[in-house]
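Engineer: I'd like to ask some things about the structure below.
The values are calculated or read from the model by the stated rules, or taken from the named source; none is laboratory data. The shown structure was predicted, so the numbers you read here are calculated from the model rather than taken from an experiment. All Cβ positions, glycine included, derive from the backbone under ideal geometry; neighbour counts span all protein chains shown.
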Amino acid sequence: MKLFLIIPLALACLYLGLATLLMLTDAPSQAAATPSGGLDFASIADSPQHPLPEQQFYQARDGANLPFRSYGELANAPRILVLVHGSGWHGAQFNTMATALAETGKTAVIVPDLRGHGIEPERRGDIDYIAQYEDDLADLIAMLQTVQPDAEIVLGGHSSGGGLVVRFAGGTHGALADRFVLLAPFLGETAPTSRPDSGGWAQVAIRRIIGLVLFNQIGITALNGLPVISFAFPQAVLDGPQGHTATTSYSYRLNTGYSPRRDLAADLSAMQQPFLLLAGANDEAFYADAYQALVSTHTSAGTYVIVPDLGHLDLVESPKATEILAQWLAPDP
C-alpha cells in the first residue's frame with residue numbers, strides 16, 4: 001500500500017482507538033448518597049407546601065405528549081414565564097415560587113417536566129438527540145402562543161435549567177423568547193462560576209465525555225446514550241415521598257443538550273434580550289460573585305442580583321428572591 005494511503009489510515013485508526021479507549025476506561029460510578037449531597041436539600045425533601053396543579057400535556061414535534069403544570073390565568077396573562085427545572089429533579093421544585101408569582105396577577109407561570117425526568121418518563125435520564133430540549137421548549141412556546149398570542153414570553157431556568165436557557169438563546173429558537181431569567185445557572189464544568197463537581201453534587205466521567213466528543217466530531221452518534229454523569233442525592237430524598245421521581249444519572253446526549261454549548265461565549269453573546277441573573281450568595285454549587293464578570297463580558301443585556309444568605313436550592317423557595325423576580329418581570333408603576 002502506498003505511503004500516502006497508509007498515513008491517513010493510521011491516523012484514523014489512532015483517532016478511533018483513542019476515542020474508544022477514553023470512552024471505555026471511564027464510566028460514571030453512581031454518586032454515593034450522602035447526608036447532604038453537597039447541596040442543602042431541606043427545601044425540596046418534603047412535599048410541596050402548596051397543592052400542585054394537575055399535570056397537563058402538550059404535543060412535541062415527534063408526537064410525544066410532554067407534561068407541564070400551569071399557574072395563573074393563562075388566557076388573559078400579559079406575560080408567560082416558562083421555568084425549567086434543574087438537574088436530577090423536576091418542575092415541582094418551582095411550586096412555591098410559581099404559586100407566588102401567579103398570585104400577583106401579572107404573570108402566568110408554566111413549569112414543564114423535561115423529557116427523561118419527573119413521575120413516569122419514557123426513558124429516565126435520556127433523550128433522543130442533543131438538540132431535543134431546545135425543540136421541546138420551542139414547541140411548548142408555540143402551544144402557549146396559540147392560547148395567548150399577545151403575551152410576552154419569558155424563558156427562565158434554575159441551575160442546569162438556566163444553562164439550557166443560555167443554550168436556547170444561542171440556538172435556532174432563541175428569538176422566540178422576549179426575555180430570559182437565569183437562576184443560579186450552570187454555565188459549564190470549566191466555567192469560572194463552577195465549583196469542582198458542582199460542590200460535590202455531580203460525578204462526571206470526563207474521559208468518557210472526551211471520547212464521545214471525538215466520536216461526535218466525525219459523525220458517530222450511536223453511543224450517545226451511554227451514561228456520563230451521576231448525582232449525589234441525599235439518602236433522605238431517595239427514601240422520601242418524592243424519591244421515585246429523582247433522576248440519578250444522565251446520558252451523554254441529555255447532559256450535553258442540558259447545558260450551554262462548548263462555545264459558551266457564542267451562546268452568551270446571543271442573549272441580546274433583557275435578562276435577569278439571580279443567585280444566592282451562599283450557593284454551594286457555583287461561585288455567585290463570578291457570574292457578572294463572566295457573563296457581562298459577552299452581553300450588556302443583563303441585570304445581576306446576588307441575594308444574601310441563600311444557597312443553591314433554597315433560592316427558588318425564598319420569598320425575597322421571588323419578590324425580586326416579580327418586580328423585574330412587572331415593575332410597579
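Engineer: Based on what the data block shows, is residue 251 of a type in the set (Ser, Thr, Tyr), in contact with an Asp or Glu (Cβ under 7 Å, 6 or more places away or on another chain) and closer than 27 Å to residue 228 by Cβ?
Structural biologist: yes
Engineer: Confirm whether residue 26 is modelled with pLDDT under 95, under 20 Å from the mean Cα position of the chain (by Cα), surrounded by 13 or more Cβ atoms within 10 Å (Cβ to Cβ) and assigned to a loop (DSSP other than H, G, I, E, B).
Structural biologist: no
Engineer: Check off (1) at negative phi; (2) in contact with a Lys or Arg (Cβ under 8 Å, 6 or more places away or on another chain); (3) not acidic (Asp, Glu) for residue 163 and give me the number that stays unchecked.
Structural biologist: Result: residue 163 fails condition (2) only.
Engineer: In addition: Residues to consider are 130, 141; find the one that is over 26 Å from residue 294 (Cα atoms), out of contact with any Phe, Trp or Tyr (no Cβ under 6 Å at 6 or more places or on another chain), surrounded by fewer than 22 Cβ atoms within 10 Å (Cβ to Cβ) and touching a residue at least 24 places away in the same chain (Cβ under 8 Å). Lay out the reasoning, then the answer.
Structural biologist: Working: 130 fails: over 26 Å from residue 294 (Cα atoms).
From the options 130, 141, the qualifying one is 141.
Engineer: Does residue 279 satisfy the criteria of being under 29 Å from residue 103 (Cβ atoms) and under 17 Å from the mean Cα position of the chain (by Cα)?
Structural biologist: When the stated conditions are applied, residue 279 passes them.
Engineer: Name the pairs: first residue in the stretch 83-111 and under 16 Å from residue 318 (Cβ atoms), second residue modelled with pLDDT under 95 and β-branched (Val, Ile, Thr), Cβ to Cβ under 6 Å, at least 6 apart or on different chains?
Structural biologist: 93/44
Engineer: Select from the stretch 63-75 the residues that are surrounded by 12 or more Cβ atoms within 10 Å (Cβ to Cβ) and farther than 15 Å from residue 121 by Cα and list them in ascending order. So that I can check it myself, show each step before the final result.
Structural biologist: Narrowing the stretch 63-75 to residues surrounded by 12 or more Cβ atoms within 10 Å (Cβ to Cβ): 64, 66-72, 74.
Answer for the stretch 63-75, where residues must be surrounded by 12 or more Cβ atoms within 10 Å (Cβ to Cβ) and farther than 15 Å from residue 121 by Cα: 69, 70, 71, 72, 74.
Engineer: Among the residues of the stretch 249-267, is any modelled with pLDDT of 95 or more, of a type in the set (A, V, I, L, M) and more than 17 Å from the chain's Cα centre (by Cα)?
Structural biologist: Yes, the stretch 249-267 contains a residue that is modelled with pLDDT of 95 or more, of a type in the set (A, V, I, L, M) and more than 17 Å from the chain's Cα centre (by Cα).
Engineer: Spot the failing condition for residue 71; the list is (1) of a type in the set (Phe, Trp, Tyr); (2) under 24 Å from the mean Cα position of the chain (by Cα); (3) at pLDDT below 95, and only one is missed.
Structural biologist: Of the numbered conditions (1) of a type in the set (Phe, Trp, Tyr); (2) under 24 Å from the mean Cα position of the chain (by Cα); (3) at pLDDT below 95, the odd one out for residue 71 is (3).
Engineer: List the strands (runs of 3 or more DSSP E) that sit entirely inside the stretch 235-333 and contain at least 2 residues that are in contact with a helix residue (DSSP H, G or I) (Cβ under 8 Å, 6 or more places away or on another chain) and either touching a residue at least 40 places away in the same chain (Cβ under 8 Å) or crowded, with 16+ Cβ neighbours inside 10 Å (or both).
Structural biologist: Passing ranges, in order: 275-280, 302-307.
Engineer: Turning to a different aspect of this structure: Which of the following residues is buried (at least 17 other Cβ atoms within 10 Å of the Cβ) and in contact (Cβ under 8 Å) with a residue 24 or more places away in the chain: 218, 206, 210, 229?
Structural biologist: Unique residue meeting the criteria: 229.
Engineer: Run down 191, 184, 169 and say which single residue is on the phi > 0 side of the Ramachandran plot, surrounded by 18 or more Cβ atoms within 10 Å (Cβ to Cβ) and in contact (Cβ under 8 Å) with a residue 60 or more places away in the chain.
Structural biologist: None of the other options fit; the residue is 184.
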